[in-house]
Amino acid sequence: MAQGHRQRLRERFLNYGLESFIDEEIVEVLLALGTPRKDCKGPARDLIGYFGSLAAILEAESEELQKIKGVGPNNIFALKFIHEVARRFLRQQLTSRPQIRSASDMTDYLCHALSFKDREVFVAVFLDPQNAVIDLEELFMGTANVTAVYPREVMRRALLKNATSLIFAHNHPSGSLEPSLADKEITEKLVRAAGVLDIQVLDHIIIGGPGSYFSFAEQGLIGPSRT
């Protein structure tokens, strides 16, 4: 019975793509990659019930995942592996762009990397004179509502990368897109510090959740006229 059900899922994917699947079915297929002879429908349903979404499951800690009956190390390996494959794909897609033109060029990767973090993470993107990505790094990690960002360390990394411009990003685990006073203050400090080194800050992006972001540049809060 399980094999016939699984074969139908495979055929549906090949014929209609992932859009034809609900999250529970996607989780079921991923779990089955780790335990191919086991019926994974029940554990998939329980994971969705406990965590609420596919994205939350993929970001969950291994210890939390193992609280669900029927989810073992092999299943967790499959979940974590596919998540990291997707992250690497989006990162390589971003770094292979000939030019970053706007915040929307960055958001697929940033939303995937940051949306479901339970602590704030600050990311710096280093760009060359053509605004192509040299590298990007997660530089600082904080609590659920604040991250300590050190401009001196950011600029040290920028000089080591020979960056001529920068884009910053961080997440709000609360889901809020409204920049806090601290967000605005650290952005101003980073812009001033970069200006001393003749490095331009192009944007600061706040990730609130899957597909949702706030761009300082798009809102006119950062850019050539503000530096």
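Candidates in segment 43-86 are the residues that are loosely packed, with under 15 Cβ neighbours inside 10 Å and either in the same structural domain as Ala163 (by TED's automatic domain parsing) or small (Gly, Ala, Ser) (or both); of these, the one that is nearest to Ala163 (Cα to Cα) is Ala86. The residues listed here are Glu138, Glu178; of these, the one that is of a type in the set (D, E, K, R) and within 22 Å of Glu59 (Cβ to Cβ) is Glu138.
Only one of the listed residues (Ala169, Ala193, Ala158) is in the same structural domain as Pro129 (by TED's automatic domain parsing), farther than 17 Å from Val121 by Cα and crowded, with 22+ Cβ neighbours inside 10 Å. That residue is Ala158. Any residue at all in segment 112-128 that is free of Cβ contacts under 8 Å to residues at least 24 places away in the same chain and either polar (S, T, N, Q) or surrounded by fewer than 18 Cβ atoms within 10 Å (Cβ to Cβ) (or both)? Within segment 112-128 (the criterion being free of Cβ contacts under 8 Å to residues at least 24 places away in the same chain and either polar (S, T, N, Q) or surrounded by fewer than 18 Cβ atoms within 10 Å (Cβ to Cβ) (or both)), the answer is no, since none of the residues qualifies. Summed over segment 3-36, residues that are out of contact with any Leu (no Cβ under 7 Å at 6 or more places or on another chain), of a type outside the set (A, V, I, L, M), under 21 Å from Gly72 (Cβ atoms) and at pLDDT 85 or above total 5.
Scanning segment 100-111 for residues that are without any contact (Cβ under 8 Å) to a residue 60 or more places away in the chain and more than 13 Å from Ile167 (Cα to Cα) turns up Asp108, Tyr109. Among the residues making up segment 115-137, a single one is of a type in the set (Phe, Trp, Tyr) and over 22 Å from Ser102 (Cβ atoms): Phe116. Out of segment 196-227, which residues are part of a loop (DSSP other than H, G, I, E, B) and either under 19 Å from the mean Cα position of the chain (by Cα) or surrounded by 19 or more Cβ atoms within 10 Å (Cβ to Cβ) (or both)? Across segment 196-227, the qualifying residues are Ile199, Pro210, Gly211, Phe216, Ile222.
Of everything in segment 141-155 that is surrounded by 14 or more Cβ atoms within 10 Å (Cβ to Cβ) and within 16 Å of Ile207 (Cβ to Cβ), the residue that is modelled with the lowest pLDDT is Thr147. The numbered conditions (1) surrounded by fewer than 16 Cβ atoms within 10 Å (Cβ to Cβ); (2) closer than 13 Å to Phe122 by Cα; (3) within 20 Å of the chain's Cα centre (by Cα) are all true for Asp183 except (1).
The values are calculated or read from the model by the stated rules, or taken from the named source; none is laboratory data. Only a predicted model underlies this, so the values are computations on that prediction, with no experimental measurement involved. Neighbour counts run over all protein chains shown; Cβ positions are idealised from the backbone, glycine included.
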